[in-house]
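Trainee: Structure provided below as structure tokens; questions to follow.
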Amino acid sequence: MKAILCAAYGPPSQLTLQEIASPVPGPGQVLVRVEACGVNFPDILLVEGKYQQKPALPFSPGGEICGVVAALGEGVMAPAIGSRVAALMTYGGFAEEVVLDAAQLVPVPDGVAPVAAAAVCLAYGTVLHGLRDRGALRPGETLLVLGAAGGTGMAAIQLGKLLGARVIAAASSEAKRAACLEAGADAAVDYTAPDWRETLRGLTGGRGPDVIFDPVGGAAAEPALRSIAWRGRYLVVGFASGEIPRLPFNLALLKGCSITGVFYGDFARREKPAQLALLAELFDWVAAGKLVPLVSESFPLAQAVAALERLAARQATGKLVLLTHAAPSAP
């Protein structure tokens, strides 16, 4: 089979497409023929050796896949061979085949295309866990999404609206803000502008947002926190800017707000039944037409480097997906 391999930690440009032996499922495992794999910022951190986990070299990046069950290991009765499944993992998805524990797999309902399923597992799972489980977002509240034009940000816009919130998207360019409004945001602000807090204040009647979803970190974090509503919830999701902000704790006291971490990967490891139920709920929403994952571009497996570099340069609007065995069709 073919796989994208990282043989040494460094920039995505050093990744190569290689022919390697197909994996064999052991007891309790399933061989999945990968159709599509989402491309995410943690993939870049893994390749650069900057992620919380450092896989043994060589390895394939890729943390969310959709595919078809090709073989079952000893003791595995389900899912059935030929059925479509999806899974979240730390790495290994940039390949034509993967072996996973049967307990990691979620059935993909009929009517959910592989590209859509692969796009849901990490970004949309992170967002739903963050907004509902960690941020307790309620209908009628105001949600501010930082870095709103990226894959996770777009997911936050969609799920924020689905949960009944008023959504304000923060993005750095006019084109990105227009994309956010098209995705369903009620308003958009330029969070690189010097007076953006004043704009935000006007959009919230002086109250500020109830929940802030921040996958970016960096310079925007402190002014966003200073703008939060009384009893607001600031969700620390990631640091796509490359800078971990140093927030003054007195702001949490003055605002009566909480600063809450959203670590979806550890949630998936520590609370697997809850995470699998969350994914199943997302897939049901997709199957019912309530949620349409925003996939802006798909790439063949051989162009994984181009996809990662596009993501690293923050040129992507919405999700990027690699295709292996899936047909290059819209989700």
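The values are calculated or read from the model by the stated rules, or taken from the named source; none is laboratory data. Fair warning: this is a prediction, and the values are worked out from it, not measured in the lab. Here the Cβ positions follow ideal geometry from the backbone for every residue, glycine too, while neighbour counts run over all protein chains shown. These accessible areas exclude ligands, DNA and RNA; they are computed on the full protein's heavy atoms, side chains included. Shrake-Rupley method; radii C 1.70, N 1.55, O 1.52, S 1.80 Å.
Trainee: If we sort 221-231, 107-117, 15-25, 72-82 on the protection proxy, mean other Cβ atoms within 10 Å, highest first, what's the order?
Mentor: The most tightly packed comes first, giving 107-117, 221-231, 15-25, 72-82.
Trainee: How large is ³J(HN,Hα), in whole Hz, for each residue of region 38-54 in order, when computed from phi with the Karplus curve 6.51 cos²θ - 1.76 cosθ + 1.60 and θ = phi - 60°, using x for Gly and Pro?
Mentor: x, 10, 9, 4, x, 4, 5, 4, 4, 5, 7, x, 10, 8, 4, 9, 10
Trainee: Once you order the gyration tensor axes a ≥ b ≥ c over the Cα atoms, which shape class does region 38-135 get: rounded for a/c under 1.5, otherwise prolate or oblate by comparing a/b with b/c?
Mentor: Oblate, because a/c is 1.5 or more while a/b does not exceed b/c.
Trainee: In addition: Helix-derived [θ] at 222 nm for the chain: sum -39500 (n - 2.57) over DSSP H runs of at least 4, divide by residue count, nearest 500?
Mentor: -7500 deg cm²/dmol
Trainee: Now for a different question. Note down the magnitude of the dipole of the chain about its Cα centre, charges +1 on Lys and Arg C-beta and -1 on Asp and Glu C-beta and zero elsewhere, to the nearest 20 debye.
Mentor: Rounded to the nearest 20 debye, it is 880 debye.
Trainee: Charges at C-beta only: +1 for Lys and Arg, -1 for Asp and Glu. How large is the resulting dipole of region 75-159 about its Cα centre, in Debye rounded to 20?
Mentor: 300 debye
Trainee: While we're looking at this one, here's another question. For every other residue with a beta carbon closer than 12 angstrom to the beta carbon of F283, add +1 if it is Lys or Arg and -1 if Asp or Glu, then tell me the sum.
Mentor: Result for the local shell: -1.
Trainee: Additional query: Going toward the positive end of the dipole of the chain, with +1 on Lys and Arg Cβ and -1 on Asp and Glu Cβ, which of G75, A220, A312 do you reach last?
Mentor: Going by the charge dipole, the pick is A220.
Trainee: Okay, next question. Taking a probe of 1.4 Å, how large is the accessible area per residue of region 195-270, in Å²?
Mentor: 49 Å²
Trainee: Order these peptides, 120-133, 140-153, 191-204, by their mean beta-carbon neighbour count within 10 angstrom, highest first.
Mentor: So the peptides 120-133, 140-153, 191-204, ranked by packing, come out 140-153, 120-133, 191-204.
Trainee: Given the options A185, A277, A169, state which has the largest fluctuation in a GNM of the chain using a 10 Å cut-off (strictly under) for Cα springs.
Mentor: A277
Trainee: Find, among the chymotrypsin sites (Phe, Trp or Tyr not before Pro) in region 1-76, those assigned to loop by DSSP (not H, G, I, E, B) with at most 16 other beta-carbon atoms within 10 angstrom.
Mentor: Passing both the DSSP loop test and the Cβ count: Y9.
Trainee: Can I ask one more? Which shape class applies to the chain: rounded if a/c is under 1.5, otherwise prolate when a/b exceeds b/c and oblate if not, where a ≥ b ≥ c are the square roots of the Cα gyration tensor eigenvalues?
Mentor: prolate
Trainee: Relative to the Cα centre, what is the charge dipole magnitude of region 34-184, using +1 at the beta carbon of each Lys and Arg, -1 at the beta carbon of each Asp and Glu, and rounding to the nearest 20 debye?
Mentor: Magnitude of the dipole: close to 680 debye.
Trainee: Next question, about the same structure. If you fit an axis through the alpha-carbon atoms of helix 151-162 and take the longest principal axis of the Cα set of the chain, what angle between them do you get, 0 to 90°, nearest 10?
Mentor: Around 70 degrees separate the two axes.
Trainee: Rounded to a whole number, what % of the accessible area of the chain do carbon and sulfur atoms account for, probe 1.4 Å?
Mentor: Carbon with sulfur: 54 percent of the solvent-accessible area.
Trainee: Taking only protein heavy atoms and a 1.4 Å probe, what accessible area per residue, in Å², does region 1-153 have with all protein chains in place?
Mentor: 37 Å²
Trainee: Is the shape of region 149-227 rounded, prolate or oblate, going by the alpha carbon gyration tensor and its root eigenvalues a ≥ b ≥ c, with a/c under 1.5 for rounded and a/b larger than b/c for prolate?
Mentor: rounded
Trainee: Something else now. Which of W196, I65, F299 sits closest to the plus end of the dipole of the chain, meaning its Cα is farthest towards the positive end, when Lys and Arg get +1 and Asp and Glu get -1 on the C-beta?
Mentor: So the residue furthest toward the plus end is W196.
Trainee: Taking the Cα centre of each part, how many Å lie between region 246-297 and region 81-99?
Mentor: 22 Å
Trainee: Please list, in order along region 78-85, the HN-Hα scalar couplings obtained from phi with the Karplus expression 6.51 cos²θ - 1.76 cosθ + 1.60 (θ = phi - 60°), rounded to whole Hz, x for Gly and Pro.
Mentor: So the J values, rounded to whole Hz, are 8, x, 6, 4, x, 7, 8, 9.
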